[in-house]
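Visitor: What follows is a structure written as structure tokens; I'll ask about it next.
Read-outs: derived from the displayed coordinates by stated rules, not from any lab. Bear in mind that the values here come from a model prediction, so they are computed numbers and not experimental data. When we count neighbours, we look across all protein chains shown, and the Cβ atoms used for this are built from the backbone with ideal geometry, even at glycine.
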Amino acid sequence: MFKKYRAVSRLLLLTAVFIVLLSLPAEAAVTGFIVEDQEGTYYKYHYQDLLDSYALKVFGQPNGLYEDFSAKRPFALFDNKKGYIDYHDVMDQYARAMIEDKSFDLHGYTESDGAKKANMPASIKLVELNEGRLVRTGKTLGSGSDSNNPDFEPPGTKTEILGLPRASVEQAQKWAEGRDAHERLIDIAPLYWEYGDKTGIRPEVLYAQAAVETSLGAFSSNFSPESNNWAGIRTAEASGSEASDYEKFGSPGDGVRAHFNHISAYVGLDPIGEPHERFHLVTEEPWAGSVFFVDDLPGKWSSSSEYHLKILLILDQIMRTEDPGQPEEPEEETTDEAPRERDTGTEPGDGEKVKYLVKVDVPSDSALRLRSGPSTDHDILTRLTRGTVLEVTGNRDEWLAVITPEGKNGWVHGDYVEKVDLTDNPFKGKIVAVDPGHGGSDPGAIGASGLREKEINLAVALELAGLLEEAGVKVVMTRSGDHSVRNARRVEIANEAGADVFISIHANAFSSPESNGTETYYCSENDHSSASKYLAEQVQREMVSALGLRDRGVKQRSFYVLKNTEMPAALVELGFLTNATEEKLLEKKETHVKAARALFEGLEAYLQRYR
């Protein structure tokens, strides 16, 4: 009946397009148009860019974008909530409204369940203006175009809300940019990772939820951007879905804090600062404090039985996004050549070549300068902290040619070091903080058979504590039983004890059951980053040797417990609970003993060079 209205001239069709465009309210979720050229290639144009270009054309100053758009056939509209909507179906509805002399609410129609989804191609080209030139960027749609994607398969195990981040803030921002998210959602991402560090709640989980609730930062007529309500939190008195039923927060940061506080009521954590009123209502629910998985949010956070799938889809997309902040690991080179002696750098000169160890002997609040040559006239290469052990390869007068634990060559003055007695016990008098990750209401990762990360972490930590105490170490445990400990408290325990080293024990998880192996982290953003890296390298080497799992390497991340401890620190991920083979391995008592021994030997190797 309505096909004749679609068969009008191109001019009338484009006029209809712009009637549709101009009918949209300011907060509409429709943000783009997809068109097709004669060769069957599809292009996407931003809604606001088209309006601006059309206005310039009207005023006789065309920029070419509207003209490029108008030469193609309209195919679909892009709605931040509903994805790609069939354009011809929209025109049918518009024509029906005209015949029946009714107004047509495009925004209401695209948001309704009756809106017909467009059958999209595998890829489209995004068209934008860059310095006056039209730029066409290819974009693969694949599994990420719409939150109801039928090709998406949820993980085989439940996805935990608590735990360390498994994606970086840079990954999340890159994902959001690739999904045409509003810049406010992109800009707010660092705050999610900041509060994730403070609370132990996985920031990428709440960021994905914010993307769902705010329609990629576009918000809605119910709660506007000015409300700073990233989670769609309702007021304590809410009875419907009007704007007055939603909380309003003073700043974007307040809204992020409220989001973390709200989910804290679900998982059983204390709020940060004064919480909003509805937080207290949630804590009175019979299930409060027991919702540890994204999969359990339907029926509690949302009445939709598929609410969790929207979050899980976005999580999967974020974690599959290339991490721009993480350099690619170089492939290991193999060679048949015999290993070469380490180059000691500057020749030691008149003194004889010697081989012995010394340790830096300066006040704990000071540092020894490693220089490029044997005098204060030479450049400072780095600063060495008290207790750093150096290999002496030669001397010139009072200056010693040395190699640092990281293999860096240089010179130090002999007055600020003392010889190391290799017969001394490197553990003697040391304080080691042992941190079993998760605990209590926070189970951490959970394997397909139900094995919980918190149990593995504690078992290995207790084995390690026993070995260290036998060696003369004073052990400080951040938890010795099954109870919850905030990340901030873990750091406080280690710092207040004056620990010499901090080791955090975890097991890994990922959406793909094929992910496997051992990896160790350190933080490069504090004064002891060199020592932390060396510690992580020793732990990783010993753990891979002991467990025989794939070596995923040593990596840098600014985890809260690594960044804020006042001593060298490393965090080890023993293996993947989401990998069936590794889950069986991690369940065994024998594995716990092996892992503890590997950590002990890694710490011993570290303390041989940092005393």
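Visitor: About the Cα centre of the chain, what is the dipole size in debye to 20, counting +1 per Lys and Arg Cβ and -1 per Asp and Glu Cβ, all else neutral? Can you show the working numbers first?
Guide: Working: 67 positive and 99 negative charges, 170 e Å.
The calculated dipole for the chain is roughly 820 debye.
Visitor: Using the Karplus curve 6.51 cos²θ - 1.76 cosθ + 1.60 with θ = phi - 60°, what ³J(HN,Hα) values do you get for each residue of the stretch 210-217, in whole Hz, with x for Gly and Pro?
Guide: 4, 4, 5, 5, 9, 6, 6, x
Visitor: With each run of n ≥ 4 DSSP H residues scored as -39500 (n - 2.57), what mean residue ellipticity at 222 nm is computed for the chain after dividing by its residue count and rounding to the nearest 500 deg cm²/dmol? Walk me through the numbers on the way to the answer.
Guide: Details: 18 runs with 210 residues, N = 611.
The per-residue figure over the chain is -10500 deg cm²/dmol.
Visitor: A follow-up question, please. For the stretch 152-241, just the Cα atoms, rotate onto the principal axes and tell me the three extents in Å, largest first.
Guide: Sorted from largest, the Cα extents of the stretch 152-241 read 35, 31, 27 Å.
Visitor: Taking only Cα atoms, what is the 0 to 90° angle, nearest 10, from helix 252-267's long axis to the longest principal axis of the chain?
Guide: Roughly 80 degrees, rounded to the nearest 10.
Visitor: A further question follows. Quick one: net charge around GLY481, please, counting Lys, Arg +1 and Asp, Glu -1 for every other residue with C-beta under 12 Å from its C-beta. Each step should come with its number before you reach the end.
Guide: Working: positive: LYS454, ARG479; negative: GLU455, ASP482.
Summing Lys and Arg as +1 and Asp and Glu as -1 gives 0.
Visitor: Still on this structure, please answer the following. If you filter the stretch 488-591 for trypsin sites (Lys or Arg not before Pro), then keep DSSP loop positions with at most 14 other Cβ within 10 Å, what is left?
Guide: Numbers: sites: ARG489, ARG490, LYS533, ARG541, ARG550, ARG552, LYS555, ARG557, LYS563, LYS584, LYS588, LYS589; in loops: ARG550, ARG557, LYS588.
Those satisfying the criteria are LYS588.
Visitor: Another question, then. Among TRP287, TRP399, TRP230, what is the fewest-to-most ranking by other Cβ atoms within 10 Å? Don't skip to the answer; put the middle values down first.
Guide: Details: TRP287 11, TRP399 22, TRP230 29.
Sorted ascending by nearby Cβ count, the order is TRP287, TRP399, TRP230.
Visitor: Could you compute the net charge surrounding SER53? Neighbours are other residues with a C-beta less than 12 Å from the C-beta of SER53; K and R count +1, D and E count -1. Display every interim value, and only then the final one.
Guide: Values: positive: LYS57; negative: ASP49, ASP52, GLU67, ASP68, GLU128.
After counting each charged neighbour, the total is -4.
Visitor: Taking the Cα centre of the stretch 209-263 as origin, work out the dipole magnitude from +1 charges on Lys and Arg Cβ and -1 charges on Asp and Glu Cβ, in debye rounded to 20.
Guide: Numbers: 3 positive and 7 negative charges, 31 e Å.
The calculated dipole for the stretch 209-263 is roughly 140 debye.
Visitor: Run the dipole for the stretch 431-609 about the Cα centre, Lys and Arg Cβ at +1, Asp and Glu Cβ at -1, nothing else charged, and hand back the magnitude in debye, nearest 20. Could you put the intermediate results ahead of the total?
Guide: Numbers: 20 positive and 26 negative charges, 40 e Å.
Dipole of the stretch 431-609, to the nearest 20 debye: 180 debye.
Visitor: Please report GLU67, GLU39 as a ranked list, fewest other C-beta atoms within 10 angstrom at the top and most at the bottom. All intermediate terms of the calculation are to be shown ahead of the outcome.
Guide: Numbers: GLU67 13, GLU39 5.
Listed from fewest to most nearby Cβ atoms, that is GLU39, GLU67.
Visitor: Going by alpha carbons, how many degrees (0 to 90, nearest 10) lie between the helix axis of 183-199 and the longest principal axis of the chain?
Guide: 40
Visitor: Can I ask one more? Can you pull out the GluC sites (Glu not before Pro) in the stretch 464-549 that DSSP calls coil and that have at most 13 other Cβ atoms within 10 Å? Provide the component values of the computation, followed by the final result.
Guide: Numbers: sites: GLU469, GLU470, GLU492, GLU496, GLU514, GLU519, GLU525, GLU537, GLU542; in loops: GLU514, GLU525.
Qualifying residues, ordered by number: GLU514, GLU525.
Visitor: Follow-up question, since we're still on this one. Identify all aspartates and glutamates with a Cα-Cα distance to LYS174 below 12 Å; exclude those on the same chain that are fewer than 8 residues away in sequence.
Guide: The qualifying aspartates and glutamates are GLU183, ASP187, GLU322, ASP323.
Visitor: Show the residues, 5+ positions off or on another chain, whose built amide H is closer than 5 Å to the amide H of GLY32.
Guide: Here TYR47, PHE78 satisfy the definition.
Visitor: Please name whichever of LEU309, THR283, THR578 sits farthest to the positive end of the charge dipole of the chain, dipole taken about the Cα centre and charges placed at Cβ: Lys and Arg +1, Asp and Glu -1.
Guide: LEU309
Visitor: Taking amide H positions as placed 1.01 Å from N in the peptide plane, with prolines and chain starts having none, which residues 5 or more places from ARG550, or on another chain, fall under 5 Å of its amide H?
Guide: GLY517, THR518
Visitor: Under 5 Å between amide H atoms, partner at least 5 residues away or on a different chain: which partners does LEU574 have, H built in plane at 1.01 Å?
Guide: HIS506, ALA507, ASN508
Visitor: What is the log10 of I(q)/I(0) for the stretch 431-609, computed with the Debye formula using one identical point scatterer on each Cα and no solvent, at q = 0.14, 0.15 Å⁻¹?
Guide: Debye output, listed in q order: -0.66, -0.77.
Visitor: Within the stretch 388-434, list the trypsin sites (Lys or Arg not before Pro) lying in a DSSP loop whose Cβ has at most 12 other Cβ atoms in a 10 Å radius. Don't skip to the end; give the middle numbers.
Guide: Numbers: sites: ARG396, LYS408, LYS419, LYS428, LYS430; in loops: LYS408, LYS428, LYS430.
Hits after loop and neighbour filter: LYS428.
Visitor: Go through VAL205, LEU50, LEU400 and say which Cα lies farthest out towards the positive end of the charge dipole of the chain; charges sit on Cβ, +1 for Lys and Arg, -1 for Asp and Glu.
Guide: Toward the positive end, the furthest listed residue is LEU50.
Visitor: Taking the Cα centre of the chain as the origin and placing charges on Cβ (Lys, Arg +1; Asp, Glu -1), which of GLY108, GLY83, VAL434 is farthest toward the positive end of the dipole?
Guide: GLY108
Visitor: Let me ask another. Taking percent of Cα pairs over 42 Å apart straight from the coordinates, which label in (i) 30; (ii) 39; (iii) 46 is the correct one?
Guide: Comparing each candidate, only (ii) matches the computed number.
Visitor: Another question, if that's okay. Does anyone have the angle between helix 87-99 and the longest principal axis of the chain? Alpha-carbon axes, 0 to 90°, nearest 10?
Guide: So the inclination is approximately 30 degrees.
Visitor: Go through 356-364, 596-604, 499-507 and give me the packing order, highest mean Cβ count within 10 Å leading.
Guide: Values: 356-364: 15.2, 596-604: 22.6, 499-507: 25.7.
Going from most to least packed, we get 499-507, 596-604, 356-364.
Visitor: Another question about this same structure. Could you please rank TRP175, TRP301, placing first whichever residue has the fewest other Cβ atoms within 10 Å of its Cβ?
Guide: Values: TRP175 26, TRP301 22.
By the 10 Å Cβ count, ascending, the order reads TRP301, TRP175.
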